Every structure is written in structure tokens, then in C-alpha cells.
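What follows draws every value from the coordinates through simple rules; no lab data is involved. Quick caveat: nothing in here was measured; it's all calculated off a predicted structure. Methodologically, a virtual Cβ is constructed for each residue, glycine included, from the backbone with ideal geometry; neighbour enumeration extends over all protein chains shown.
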């Protein structure tokens with residue numbers, strides 16, 4: 001299995017607002033909102049020039065990653081009230097495999113943006129390794 005990270009080619013991979021001082025991060029967030037770049041209809045439209053990295057999951061310590069079935073924000077949003085079993089859940093690697101076996105990969109069914117419809121399986125990485133080496137490569 002591979003994990004994919006999509007990013008703005010000009011900015012490089014794994015750029016994170018939370019690593020900046022609060023005032024600087026807020027300034028960037030405000031600029032993104034003013035440019036209408038916060039809630040985008042589909043991944044390919046998120047960036048001017050999209051690039052991606054593919055990282056084999058074998059490079060990660062499986063205890064240092066978690067998954068949500070769909071984007072974290074709608075998965076945990078109080079506005080999403082469909083009570084699907086994967087809502088408000090964070091999974092280990094082996095647990096998400098069972099969810100994928102049951103529901104399939106969400107991107108296989110994704111046709112157009114529908115509020116809170118899972119579009120992909122999201123991974124949360126709780127360690128700087130191995131992503132630090134990919135930051136240096138680009």
C-alpha cells in the first residue's frame with residue numbers, strides 16, 4: 001500500500017500552517033480565505049500546479065499513523081448527522097483495512113463534491129519520520 005501527499009508544486013510538500021507562529025499562520029489563512037482557496041470542490045482544483053509524493057506504507061511505524069475514512073473535518077463535524085459507523089472514528093492501519101474491505105475506497109465512487117461524502121481515506125502522521133526526508137528532496 002502507498003500513501004499519497006498532494007501539494008502545490010511551487011510550495012513543496014508537507015507545508016504546515018501549525019508549524020508557524022500564530023500571527024503568521026493567521027495572515028496566510030486570511031489570504032487563502034480572501035482568494036477563495038479554503039473550501040475547494042475537488043483535489044485537482046486545490047492547486048495551481050499540483051504535484052504529489054507516493055510513500056510506501058512500509059516506511060512508517062504503523063503505531064505512528066492513524067486513519068479516517070474521509071476527510072477529518074466532515075468525519076468529526078457536528079453538522080454531519082448521518083450516523084454512519086465511520087463517523088467520529090480514528091482507525092489504526094489494520095482497522096482501516098477492515099473499513100475499506102466493507103465500504104471500498106471512497107475515491108472509487110467519487111463523482112462530484114457532495115457535503116460530507118468521503119472522498120478519500122485520510123492518514124494522520126504522528127512522527128516527522130519519514131516525511132522529513134521527502135521535505136528535503138523537493
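Suppose each label sits 7 Å from its Cα in the direction of the beta carbon; what would the residue 83-residue 33 distance come out to in nanometres?
So the two model labels end up 3.4 nm from each other.
Just one of (i) 14.2, 44; (ii) 15.8, 48; (iii) 15.9, 43 is Rg and Dmax of the Cα atoms in Å calculated from these coordinates, so which is it?
Computing Rg and Dmax of the Cα atoms in Å and matching it to (i) 14.2, 44; (ii) 15.8, 48; (iii) 15.9, 43 gives (iii).
Assign one of three labels to the stretch 62-138, namely rounded, prolate or oblate, based on the Cα gyration tensor with a ≥ b ≥ c the square roots of its eigenvalues; rounded applies when a/c is under 1.5, prolate when it is not and a/b is larger than b/c, and oblate otherwise.
Values: a/c = 1.88, a/b = 1.67, b/c = 1.13.
Since a/c reaches 1.5 and a/b is larger than b/c, the shape of the stretch 62-138 is classed as prolate.
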